[in-house]
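*Asks:* Sharing a structure below in structure tokens format, with a few things to ask.
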Amino acid sequence: MVRLRERLRKPVLFLIGALLCLFTAPGVFSEGDLSLELGLSNLIMQTRETDGDKYWAWMPAGNAGFSFKSSGNKNVKADLAFSFASPEMDISAAAGAPAGTIITPLLSLDRAYVKARFPWFRITAGKTRLGWGDGFVFNSGDVIFGSTDTSVDLTASEVRAETTWLSAVNIPLGRFTFIEGIILPPEADTASGEIFGAVDNISGGGRIYTKAAGIKIEGGYLFDQRETNSDAEPVSVHKPYLSLQGNLIADWYLSSSVSLPVSGDIEQSAEDSFNLSAGIFHMVQLNSISSMTFRLEGLYKPFHSWLEEVRKSGEPKPSYALLLYPEISYTPTDTVNLSIRTIWSPVDMSAMITAGAGWNVFEGFDLSCYAVFNAGDPDDSFAWNRDDSLWKAGADAVDSMAVMMGINYIY
Amino acid sequence: MNRKLIFTAITILILLPAFAFAISGDEIVRRADAAATFDTAESSGEMHITDRFGTKISSFDSWARGENESLIEFTSRAERGQKVLRTENEIYLYYPDAEELIRMQGSALRQGMLGSDISYEDMTGGKDRASQYSIEITDEQNLLGRDCWVLTLRANTRTVPYPKEIVWIDKQDYIVLKGEYYTKSGRLLKDMEVLEIGEMDGITMAVETRISDKMKSNSNTVLIMKDLKVDIKLDDEIFSLEELSW
């Protein structure tokens, strides 16, 4: 715990210093905009004690972030956003957790970037997100962050909001066409004694975004050196992708990508990594104020297993050929939303079902309530009662179900 | 007999100018739509959205070119930086925190903007109602001290948001001072009423308008125009993905 406090001291001091600078520099406000977002929630969930016994847990949690955006110069933008979550949890003592495992970090840097716009191009540098491809939960075109896993929070408005350090240049080639190049800094390889990332481990790529015959066409490529193989060794991979979006009665979108290693068994890697995500979205206006939206997404990995596998302790979760994400959302008035979101694994017939309600009560103030249910056998992708030998403290939090009630305020 | 003829001739002479200068319902609506449509416009304003829990204020800047191109940027704190680009058949949404461009078509255009009683179609849709409705003048009234025609519009196409409209159009400046918007079966969906008329950039126009969605109880949206510049030079780039995602 002492080690943790030491590690957090510097960022906390930095945050306090940054806040003091912002609050005591009136000139800054005249050129920028400061907004604060507070989220507080109470989570009741069925989980496990360190010895594996199940119990009902009550976990208050919260996050807060402030975001400073410059607005003085119309050709330069900057954004700085931190967040913290509470409580901090050291689960080193939990069963199956590596020593020193700490979940829910106290402080994290969400965004810190500067953008500048020149007559013919614009640049972005810092920690931010680039939305490549299309998809709400599954997006095979997102080769930067990888949006194909099931570790998502379906209670969030943006289920994929991860950011990373990057440098990018965006060149418009018309009103609905642009090209974009990106460089991702190398990661430190402390195992080989490199405290800082080596230059030759830089990742980078680009994409083109255009529209033809009413269809959005996006294609790109990333040379990614941040990947590791099954032995946790770094590997360099080529990641091409293609993403299309259009409308035929409903809005539809489709993305596909593959990871091809620079060296090694390319054919096997292509089979293992080829994936295709597709979705349809449609809104039905029930009357002038209420509407329903329907979304169905799928993630298809044709060379993965179509048969249910029996899991054993220590083995990773099996990767099945198909995952589906159906979502139905009902908006009875413009400020209230009810939804059911499900990640369904049809191969092992298990699902994570999230039923939620959100209400925008006042300006910037929202109330929300969600219930999450896991349905499936003990060794399935999602399980009502996770098999004792498969339960992983830290990785698994909710055993059967959880209920969350929260408030969120932006001001 | 002669007296009868003379009386008839005098009557015709008196009424002739009125017939000669009578204006049709189509022409009134065409002029009203023309008065509300500019080659280009740059504006800023606020939406005061009131329901039983109080009033939310959303501010915005907008740029429009013709009937089908517009860009709206929300400037109020809770939605700051969110932008909507409308082209003829599609909407692009931009959420700055997610750095995400979302393209939508079809029925998504009918969504209410930020919980208001105004849909994207209301805000940015084409205004060529004379070709989309059968129009008749049904009455004449006085609103806000201005004489106006009362017209009933019945849709002759299914692509319009409201099958029936009753509008009160100012005789002097062709401003729509009041409107009632109905379903095909005659149920009132929405009404609109101008609360204040003012002058901006040399144009007499509604600067404060209240819109009430009749499907919601105790709810209305007041649209306040803060600034308007019309027929100015707007670059093509304003209605582009580059500007949307900036």
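*Asks:* Please specify each residue of segment A:311-353 satisfying the condition of being within 21 Å of the chain's Cα centre (by Cα) and among the charged types (D, E, K, R).
*Replies:* A:K317, A:E327, A:R341, listed by residue number.
*Asks:* Here's something else I'd like to know. Would you point out the residue of segment A:287-313, among those that are under 30 Å from B:Q105 (Cβ atoms) and at pLDDT below 80, that is surrounded by the fewest Cβ atoms within 10 Å (Cβ to Cβ)? So that I can check it myself, show each step before the final result.
*Replies:* So the first thing to find is which residues in segment A:287-313 are under 30 Å from B:Q105 (Cβ atoms), and the list is A:287-302.
Applying the additional criterion that residues be at pLDDT below 80 yields A:287-289.
Details: A:N287: 12, A:S288: 22, A:I289: 20.
Top of the filtered list is A:N287.
A quick yes/no check of all residues on (1) in contact (Cβ under 8 Å) with a residue 40 or more places away in the chain; (2) among the hydrophobic types (A, V, I, L, M, F, W, C):
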| position | (1), (2) |
| --- | --- |
| B:I28 | yes, yes |
| B:A32 | yes, yes |
| B:D51 | yes, no |
| B:S70 | yes, no |
| B:R80 | no, no |
| B:L93 | no, yes |
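*Asks:* Let me ask something additional. If only one of A:E158, A:E187 is within 30 Å of A:Y370 (Cα to Cα), charged (D, E, K, R) and open to solvent by 60 Å² or more (accessible area, probe 1.4 Å), which one is it?
*Replies:* Numbers: A:E187 fails: within 30 Å of A:Y370 (Cα to Cα).
Every option except A:E158 fails the conditions.
*Asks:* Of all residues in segment A:314-328, which are in contact (Cβ under 8 Å) with a residue 12 or more places away in the chain, open to solvent by 80 Å² or more (accessible area, probe 1.4 Å) and under 20 Å from A:W391 (Cβ atoms)? Show your work before the answer.
*Replies:* At the first step, the residues of segment A:314-328 found to be in contact (Cβ under 8 Å) with a residue 12 or more places away in the chain are A:317-328.
Among the residues that remain, those that are also open to solvent by 80 Å² or more (accessible area, probe 1.4 Å) are: A:317, A:328.
The answer is A:K317, and nothing else.
*Asks:* Of the residues that sit in segment B:47-64 and are under 19 Å from the mean Cα position of the chain (by Cα) and within 12 Å of another protein chain (Cβ to nearest Cβ), which one is surrounded by the most Cβ atoms within 10 Å (Cβ to Cβ)?
*Replies:* Among them, the one singled out is B:I49.
*Asks:* Within segment A:125-140, how many residues are farther than 24 Å from A:A351 by Cα and not aromatic (F, W, Y)? Write out each step before concluding.
*Replies:* Quick first cut of segment A:125-140, residues farther than 24 Å from A:A351 by Cα only: A:125-133.
Subset that is not aromatic (F, W, Y): A:125-131, A:133.
So the count comes out to 8.
*Asks:* One residue is enough: does segment B:192-200 have a residue meeting the conditions of a type outside the set (G, A, S) and touching a helix residue (DSSP H, G or I) at 6+ places or on another chain (Cβ under 6 Å)? Even if it seems obvious, please write down each step before you answer.
*Replies:* Of all residues in segment B:192-200, those of a type outside the set (G, A, S) come to B:192-197, B:199-200.
Checking the rest, the ones that are also touching a helix residue (DSSP H, G or I) at 6+ places or on another chain (Cβ under 6 Å) come to none.
There is no residue in segment B:192-200 that is of a type outside the set (G, A, S) and touching a helix residue (DSSP H, G or I) at 6+ places or on another chain (Cβ under 6 Å).
*Asks:* Please enumerate the residues belonging to segment B:206-220 that are more than 10 Å from chain A (Cβ to nearest Cβ) and either open to solvent by less than 30 Å² (accessible area, probe 1.4 Å) or of a type in the set (D, E) (or both).
*Replies:* Once the filter is applied, which keeps residues that are more than 10 Å from chain A (Cβ to nearest Cβ) and either open to solvent by less than 30 Å² (accessible area, probe 1.4 Å) or of a type in the set (D, E) (or both), segment B:206-220 yields B:A206, B:V207, B:E208, B:T209, B:I211, B:S212.
*Asks:* Provide a single number: the residues in segment A:247-290 that are polar (S, T, N, Q), more than 14 Å from chain B (Cβ to nearest Cβ) and within 30 Å of A:A212 (Cα to Cα).
*Replies:* Initial filter on segment A:247-290 (polar (S, T, N, Q)): A:247, A:255-257, A:259, A:263, A:268-269, A:273, A:275, A:277, A:285, A:287-288, A:290.
Filter once more, keeping what is more than 14 Å from chain B (Cβ to nearest Cβ): A:256-257, A:259, A:263, A:268-269, A:273, A:275, A:277.
With within 30 Å of A:A212 (Cα to Cα) added as a condition, the list becomes A:256-257, A:259, A:273, A:275, A:277.
Qualifying residue count for the region: 6.
*Asks:* Residues B:E199, B:E243: which one is open to solvent by 30 Å² or more (accessible area, probe 1.4 Å), more than 10 Å from chain A (Cβ to nearest Cβ), in contact with a strand residue (DSSP E or B) (Cβ under 8 Å, 6 or more places away or on another chain) and charged (D, E, K, R)?
*Replies:* B:E199
*Asks:* Report yes if some residue within segment B:227-235 is in contact with a Ser or Thr (Cβ under 9 Å, 6 or more places away or on another chain), within 13 Å of chain A (Cβ to nearest Cβ) and either within 30 Å of A:V336 (Cβ to Cβ) or surrounded by fewer than 18 Cβ atoms within 10 Å (Cβ to Cβ) (or both); otherwise report no.
*Replies:* Filtering segment B:227-235 for residues in contact with a Ser or Thr (Cβ under 9 Å, 6 or more places away or on another chain) gives B:227-234.
Subsequent filtering for residues that are within 13 Å of chain A (Cβ to nearest Cβ) retains B:234.
Those still in the list that are either within 30 Å of A:V336 (Cβ to Cβ) or surrounded by fewer than 18 Cβ atoms within 10 Å (Cβ to Cβ) (or both) too: none.
No, segment B:227-235 has no match at all.
*Asks:* For the list (1) farther than 20 Å from A:Y300 by Cβ; (2) without any contact (Cβ under 8 Å) to a residue 60 or more places away in the chain, I need the number of the one condition that A:G205 fails.
*Replies:* Every listed condition holds for A:G205 apart from (2).
*Asks:* Could you identify the single residue in A:F223, A:F196 that is open to solvent by 60 Å² or more (accessible area, probe 1.4 Å) and more than 14 Å from every other protein chain (Cβ to nearest Cβ)?
*Replies:* On the way: A:F223 fails: open to solvent by 60 Å² or more (accessible area, probe 1.4 Å).
After applying the criteria, what remains is A:F196.
*Asks:* With assigned to a loop (DSSP other than H, G, I, E, B) and small (G, A, S) as the only criterion, which of A:A156, A:A112 stands out?
*Replies:* Values: A:A112 fails: assigned to a loop (DSSP other than H, G, I, E, B).
Exactly one residue qualifies, and that residue is A:A156.
The rows are residues; the columns are (1) under 22 Å from B:E90 (Cβ atoms); (2) among the small types (G, A, S); (3) free of Cβ contacts under 8 Å to residues at least 24 places away in the same chain.
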{"position": "A:I249", "(1), (2), (3)": "yes, no, no"}
{"position": "A:W252", "(1), (2), (3)": "yes, no, no"}
{"position": "A:V262", "(1), (2), (3)": "no, no, no"}
{"position": "A:A270", "(1), (2), (3)": "no, yes, yes"}
{"position": "A:M283", "(1), (2), (3)": "yes, no, yes"}
{"position": "A:L286", "(1), (2), (3)": "no, no, yes"}
{"position": "A:I289", "(1), (2), (3)": "no, no, no"}
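The values are calculated or read from the model by the stated rules, or taken from the named source; none is laboratory data. Not measured: the values here are computed from a predicted model. Cβ atoms come from the backbone with ideal geometry, glycine included; neighbour counts cover every protein chain shown. Accessible surface is based on the protein model in full, side chains and every heavy atom, while ligands, DNA and RNA are left aside. Shrake-Rupley method; radii C 1.70, N 1.55, O 1.52, S 1.80 Å.
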